[in-house]
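Please treat every number below as a calculation from the coordinates, not as lab data. Values in this document were obtained by computation on a predicted structure and should not be read as measured data. Counting neighbours? That spans all protein chains shown, and the Cβs are built from the backbone with ideal geometry, glycine included.
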């Protein structure tokens with residue numbers, strides 16, 4: 001057997017063995033994943049370089065689908081990839097439509113449980129360093145006002161319930177608060193979005209019930225109630241797709257904690 | 001992931017890896033001898049340069065491997081003979097032998113003229129104690145003693161070769177290597193064919 | 001078409017020069033750039049591998065099923081690297097000894113697989129070729145730039161020729177791994193400032 | 001037994017795979033921006049590094065050396081690592097979703113991680129025995145994790161409290177911090193070979 005044939009057989013054998021292994025594994029361990037994540041991941045370069053701060057492209061794609069990461073989070077891809085991702089997600093990268101920041105947490109001091117009394121520096125990021133912040137909910141807003149202090153346009157003010165409030169007129173969707181918040185609570189969404197589940201917790205419903213009266217339990221009742229199929233439950237958190245949502249309000253009554261609610265309200 | 005997808009996957013991966021494997025084997029073969037040439041050249045060249053003089057060919061490419069003995073496990077051991085030529089005529093033959101030294105084998109490269117006189121000796125590899133045993137390599141006068149002597153000379157210490165004081169074990173190693181080299185050379189003289 | 005090829009090619013040289021713009025292929029940039037000759041040697045190897053892998057990947061892009069996409073790309077890149085290994089061992093043996101483990105490590109160089117995944121998988125062969133050469137060249141240029149700085153400051157020589165004044169003690173810090181990190185960090189910083197100032201001017 | 005100890009100490013502290021030998025920088029810069037991703041990444045790296053090194057070692061000794069295919073080492077190793085990573089990702093996604101949620105998302109990142117492949121090749125180049133290869137794989141992964149977690153800690157504090165000059169925001173300051181960390185380890189350089 002010449003050296004060439006041994007090489008061919010060795011590599012071919014390895015190829016067969018590995019591909020059968022992968023094929024069987026893919027079949028046996030098949031799991032459903034939101035198709036949009038797959039579509040976005042295809043568009044991303046796939047180099048898994050970690051430049052966006054997420055752990056690889058599929059994770060970054062998942063973050064983009066959930067709206068946690070901006071469309072141009074992928075540094076390796078640059079502008080062309082940002083366009084493509086925006087195309088897939090249906091939001092245009094250069095949003096002609098005006099956007100505004102929304103605070104995705106309703107767990108104010110009355111309704112959200114606290115682990116301990118925090119007496120440190122009056123800054124959310126500093127509070128995060130003290131065993132992950134004083135709130136029992138590891139996703140909720142700490143209410144120490146880093147975003148309020150750093151908002152370049154003064155669009156944010158601290159409500160008396162301990163949660164920041166957004167002034168729609170002043171907010172230019174610059175994204176500073178989104179970047180600064182250690183818990184990524186504020187998100188930039190189009191002004192026209194009519195309804196949203198104002199919570200960021202991916203914890204299981206049973207846990208959320210114990211620590212916050214206002215949190216999203218991921219029960220999916222809103223998803224069933226929605227005639228437009230605009231609501232998706234991604235990792236125990238309902239996310240409203242603003243392109244499909246008509247603001248009919250059917251989901252508002254169904255929600256046990258009332259976290260999914262209308263965003264259209266006059267500036268107070 | 002229908003079955004058809006899996007089969008397509010298996011076929012594509014197998015063909016691609018097999019083709020790549022085969023291609024690389026071909027590249028391997030076409031570069032194999034060049035690589036061995038480079039390896040030998042890189043290791044042996046410094047020693048060859050010390051002992052061979054007045055040649056116009058590339059001794060590393062005009063080399064011949066002759067089976068000169070069996071090692072413990074019965075696999076035959078080959079020694080490479082390097083031919084130094086001048087205008088096509090072989091002027092010296094160089095080859096390497098080893099002998100156990102103080103802390104490991106001492107490799108010695110010898111150059112022998114066809115008329116049976118020793119043209120040069122150089123120590124190639126050694127793991128002797130630095131500063132003591134390594135003097136056989138660093139001190140050129142020691143190896144110079146072998147030059148010009150006929151092969152029939154008695155190369156053991158005390159006779160025609162004086163060992164280095166304080167490094168008797170290493171010196172005996174070099175002389176044993178030279179003696180085994182001479183013996184090897186005379187045994188295989190006919191096969192060298194020049 | 002030709003204009004696009006030129007655009008893809010020049011893109012790799014400055015706008016998206018790999019190690020500086022988006023931090024790809026850092027490992028080899030840090031390790032090999034103590035000497036300009038090595039940097040150049042590795043750079044040429046990377047050019048060959050990136051170009052070859054880009055061309056082959058974009059040629060086969062239609063028939064590769066998605067599930068096994070990464071494995072097939074990696075086989076193609078690894079083949080390119082083994083070819084480089086063998087030819088370098090055969091003809092540039094001293095460089096091969098110096099570069100040592102860094103030749104096989106081109107396979108896991110994020111740049112090569114990154115370009116195959118990000119570009120070659122979607123574009124035609126000619127464009128991928130232009131992109132491969134452009135990116136490879138960009139990578140080599142950055143290797144040479146970093147190596148020049150480190151070698152001149154570290155050993156006072158350039159390509160082995162003494163450049164600095166006679167009694168130059170050699171800024172040992174630059175040769176050590178620590179210097180690599182700091183030097184590359186500063187270079188990235190300067191690059192960011194230049195491009196930021198450029199963007200401000202254009203706005 | 002004592003050469004294992006020396007192997008562990010030299011792999012973690014003296015020539016740390018990341019800070020001294022430069023293997024594994026790409027994810028090092030990207031993922032160390034937050035502690036949670038750093039922890040997830042280090043667990044995944046430790047797991048895959050040990051698995052990959054052992055499989056590659058066995059493959060080298062049984063297939064490559066026996067059939068004289070050493071030149072295929074690069075091709076075989078990286079193919080096995082890529083397939084292994086994809087396999088682990090698929091299995092983990094189904095069998096342990098919470099573990100996958102914390103750990104699995106880093107797996108695709110590991111295929112292009114220079115460290116896993118580097119360690120597999122180093123095991124062969126240094127002619128380690130099976131046990132030595134195992135110990136080396138574990139200790140290099142621990143060294144990588146230590147550096148990654150240390151840097152993630154520093155970066156998190158730096159982002160929130162330190163005022164970094166405009167020039168060095170983001171990646172540059174991260175590289176310089178890594179360099180400084182390398183400086184502290186360089187102090188131990190004389191201990192082992």
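Enumerate the residues in the stretch C:52-78 having an amide nitrogen under 18 Å from the point lying 7 Å beyond the Cα of residue A:80 toward its Cβ. So the set is C:52-62. When the alpha carbon gyration tensor of chain A is reduced to an equivalent ellipsoid, its three semi-axes come out at 39, 21, 21 angstrom, largest first. Between residue D:101 and residue B:62, what's the calculated FRET efficiency when r is the beta-carbon distance and R0 is 56 Å? Round to 0.05. Once rounded, the FRET efficiency stands at 0.25. Sorted ascending by nearby beta carbons within 10 Å, beginning with the fewest, D:71, C:91, D:128, D:136 become C:91, D:128, D:71, D:136. Shielding of peptide D:114-126 by partners, expressed as the average count of other chain Cβ atoms within 10 Å per residue Cβ, is 3. Sorting the segments C:149-159, B:43-53, C:102-112 by their mean number of nearby beta carbons within 10 angstrom, highest to lowest, gives C:102-112, C:149-159, B:43-53. Partner shielding of D:62-75 amounts to 6, given as the average count of beta-carbon atoms from other chains within 10 Å of each residue beta-carbon.
In terms of other Cβ atoms within 10 Å, B:169, C:6, D:48 run from fewest to most in the order C:6, B:169, D:48.
Between residue B:138 and residue A:170, the distance separating the two model label sites (each 7 Å from Cα on the Cα→Cβ line) works out to 8.0 nm. Once C-alpha pairs closer than 8 Å and six or more residues apart are averaged by separation and normalised to the residue number of chain D, the relative contact order reads 43 percent. Please determine, in degrees from 0 to 90 and to the nearest 10, the orientation of helix A:78-89 with respect to the longest principal axis defined by the Cα atoms of chain A, where the helix direction is its Cα long axis. The angle comes out at about 80 degrees.
Work out, in µm²/s and without decimals, the Stokes-Einstein translational diffusion coefficient of the protein assembly as shown at 10 °C, 1.306 mPa s, Rh from Kirkwood over C-alpha pairs. Reported coefficient: 52 µm²/s. A convex hull fitted around the alpha carbon atoms of chain C yields 141 Å³ per residue. Between 0 and 90 degrees, rounded to the nearest ten: what's the tilt of helix A:3-28 against the longest Cα principal axis of chain A? So the helix axis and the longest Cα principal axis differ by about 40 degrees.
The value of relative contact order for chain B, using C-alpha pairs under 8 Å at least six residues apart, is 15 percent. When a/c reaches 1.5 or more, the comparison of a/b and b/c decides; with that in mind, is chain D rounded, prolate or oblate per its Cα gyration tensor? Oblate is the answer for chain D, as a/c is 1.5 or above yet b/c matches or exceeds a/b.
Set the Förster radius R0 to 22 Å, insert the Cβ-Cβ distance between residue B:160 and residue B:117 as r into 1/(1 + (r/R0)^6), and round the FRET efficiency to 0.05.
Rounded to the nearest 0.05, the efficiency is 0.95.
According to the Cα-based calculation, Rg over Rh for chain B is 1.20, with Rh computed by the Kirkwood formula. The tail of the calculated P(r) for the stretch C:92-203 beyond 22 Å holds 54 percent of all Cα-Cα pairs. Projected label points at residue A:161 and residue A:194, each 7 Å from Cα along the beta carbon direction, are separated by 2.3 nanometres. In this structure, residue B:78 and residue D:54 have a Cβ-Cβ separation that, at R0 = 45 Å, corresponds to a calculated FRET efficiency of about 0.80.
For each of D:167, A:129, D:75, count neighbouring Cβ atoms within 10 Å of the residue's Cβ, then give the residues from fewest to most.
Lowest to highest Cβ neighbour count: D:167, A:129, D:75.
Taking all Cα pairs closer than 8 Å and separated by 6 or more residues, the relative contact order of the stretch B:106-156 comes to 36 percent.
With both labels modelled 7 Å from their Cα along Cα-to-Cβ, the residue D:169 to residue A:119 distance reads 3.6 nm.
Summary of packing: across the peptides B:63-74, A:177-188, the per-residue average of other C-beta atoms within 10 Å ranks them, highest first, as A:177-188, B:63-74. Ignore the peptide's own chain and count Cβ atoms of other chains within 10 Å of each Cβ in D:180-188; give me the average, rounded. Per residue, the number of nearby Cβ atoms from other chains is 3 on average.
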